[in-house]
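Report on one structure; see the data block that follows.
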Amino acid sequence: MIFTNVTKILILKLCCLGDMVFILPAISNLKKNFPNAKITLISSSWVKNIFKYIPDVNNFLVFDPPFKGGFINKISSAFKLIRLIKKENFDLALSCHRDSSFGTILMLSGIRYRLGFKNTSFINYFSEYDDTIHETQRYLNILSDNELKVTDVEPKLTRIRNIESIKDKNDIPKDSVTIGIFPFGGINPGTVMKIKRWDLNNYLKIIDKLTQEHPEYNIILFEGTHEDEKFDSTAKFPRNVKIHSIINNDLMYSCNVFLSADTGAIHLAAAFGIHTIGLFGPSDPRLVAPLNFNNGIFHKYIWKQPECSPCYTPQTSIDRNNKIYYKGNEFLCNTGTHKCMKTISVDEVFLSLNEILEKINLT
C-alpha cells in the first residue's frame, strides 16, 4: 500500500443530503482499508440531522461555508476551516469537491495524503472525474485508482430505532402498508432547483387513487423545512394520511415505499433500505438515481427525457456564470416549459407504485 501510518482520516463533503449518501461507500471502504484509523467527517449544519445514521465515522465536525459575501469573507472562512482541520493532525483526506480551494485548504492544513479528483489544485492522489458514470462510483474510483481496495458499493445508513416502536409512537398500525411521499425539495444552501419538483396536485391525485383503491394503506406526507414546503394548515386529508417533517428520518424508514422527485429524501430512503420511486427531469437518473443491488430492495425511476433533458449536468451545475441556466442562485428551466416533469403522468406513477407493491407482495 502506498499509504503508511494512517491513523486519522478526514472526509470533506459540505453539502448536501443526496451527496452525503453518494459518499457512504467510499467511507465504508476507507474504514476497511484502514480499520484502526479514526474517521472524521466535516460537513455543514444543513445535513447534521443525518450524522447519527452514518456508519464508520468516529467524529463529526460542522462547518458552514459562506454562500454569500465577497472575497474577504471567503478568505476568512477558508482560514477558519484550515484552523479547524489543523487541530486534528489528519494523515489522509478525501476531498469530495471539485473546487480547487478545498485542495488548497487540505494542503495548507498539512495533510500528507490528499485524495480527490484530477485537476483539483494540490490533490496529490487523484482520479479522473468521469461524468458518464454514477456519482457513487466516481468517489470509489478515487480509492481504487490509488491502490485502495473497494469491496462495498452499496450506500447504507443505519437504522437506529425499532420500526414497531416508531409506528406505535406515531399512531400507525403495526402491520400496515405505509407509503411515504415527499412532494417538495430542490432547495439546498446556495442553490435553488425547484424545477426538479413534480406538481403538488399530481401527488394529491396519487393520494386520492391510493385512498380509493387501498383504503387500508397508510400514507405519510413529508413536509420540508422551508416555507414553501409546507401543506396548507386548512387542507383536509383522509384519515389514513398523516403529515410529518422530512427531518423525521426514523419515520421515513418505517415506510414500505417512498415516492419523491430527485431530492435528498429519495436517496436517504434508498440508503435506509426502502423501496423507492424517483421522478426525474432536469437530472440524468443514470448518474444520480438510487441504484439496484439485487438485494430485494427495488428502486425505480421515471424519466421522460425530452430533447432538453438532462440540463442539470456535472458541467452546468457548477457554472454559475451561465445565464442560460442560472438566475442568481436559482437553476432555471432554460426552455421555460418544464416539460421534463410535466409530461410525467399520474397514471404511470400510480402504476409504478403498484408494480413495486406487487413485487414485495403488499397488494
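From least to most packed, judged by other beta carbons within 10 angstrom and beginning with the fewest, Val177, Val153 follow the order Val153, Val177. The mean sequence distance of close C-alpha pairs (under 8 Å, at least 6 residues apart), as a share of the length of the chain, puts its relative contact order at 15 percent. Only bridges whose two residues both fall in the chain count here: according to DSSP, what percent of them are antiparallel, nearest 5? If we restrict to bridges inside the chain, about 10 percent are antiparallel. Other residues within the sphere of radius under 11 Å centred on the Cβ of Ile27, judged by their own Cβ, net out at +2 (K and R +1, D and E -1). Bridgeable aspartates and glutamates around Lys339 (alpha carbons under 14 Å apart, same-chain partners fewer than 8 residues away excluded): Asp199, Glu307.
Across segment 293-363, C-alpha contacts under 8 Å between residues 6 or more apart give a mean separation that, scaled by the residue count, equals a relative contact order of 34 percent.
Electrostatic bookkeeping for Ser100 treats Lys and Arg as +1 and Asp and Glu as -1; over the other residues with beta carbon under 14 Å from its beta carbon, the sum is +3. For Phe182, neighbours were defined as the other residues whose beta-carbon sits under 12 Å from its Cβ, and their charges (Lys and Arg +1, Asp and Glu -1) total -1.
Positive end of the dipole of segment 8-144 (Cβ unit charges, origin at the Cα centre): among Asn36, Asn124, Cys16, the Cα lying farthest that way belongs to Asn36. Every Cα-Cα pair of segment 8-144 was included, and the share exceeding 21 Å stands at 38 percent. Put simply, segment 42-98 fits an ellipsoid with semi-axes of 22, 16, 10 Å; these come from the alpha carbon gyration tensor as the roots of five times its eigenvalues, largest first. Listed by chain and number, the lysines whose alpha-carbon sits under 28 Å from that of Lys31, ignoring those within fewer than 8 places in the same chain, are Lys8, Lys13, Lys48, Lys52, Lys80, Lys86, Lys87, Lys118, Lys149, Lys156.
Computed over the chain with a Gaussian network model linking Cα atoms closer than 10 Å, the most mobile of Ser76, Ser43, Ser283 is Ser76. Given +1 at the Cβ of Lys and Arg, -1 at the Cβ of Asp and Glu and no other charges, the dipole of the chain around its Cα centre is 1160 debye to the nearest 20. Kirkwood hydrodynamic radius computed over segment 163-359 comes to 17.4 Å, based on all pairs of distinct alpha carbons.
In the elastic network of the chain, a GNM with C-alpha springs shorter than 10 Å, the most mobile of Phe272, Phe280, Phe237 is Phe237.
When peptides 348-354, 93-99, 322-328 are sorted by average Cβ neighbour count within 10 Å, with the highest value leading, the order is 93-99, 348-354, 322-328. Within the chain, Cys96, Cys255, Cys308, Cys311, Cys333, Cys340 have no other Cys Cβ under 4.7 Å of their Cβ and so lack a disulfide-compatible partner by this rule.
Summed over all non-identical Cα pairs, the Kirkwood treatment of segment 15-60 gives a radius of 10.9 Å.
How many percent of the alpha carbon pairs in the chain exceed a separation of 40 Å? Beyond 40 Å sits 15 percent of the P(r) for the chain. Computed on segment 28-110, with alpha-carbon pairs under 8 angstrom and 6+ residues apart, the relative contact order is 22 percent.
Values in this text are rule-based calculations from the coordinates and carry no lab data. From a predicted model like this one, the values you see are computed outputs, not experimental measurements. Ideal geometry is used to build each Cβ from the backbone, glycine not excepted, and the neighbour counts take in all protein chains shown.
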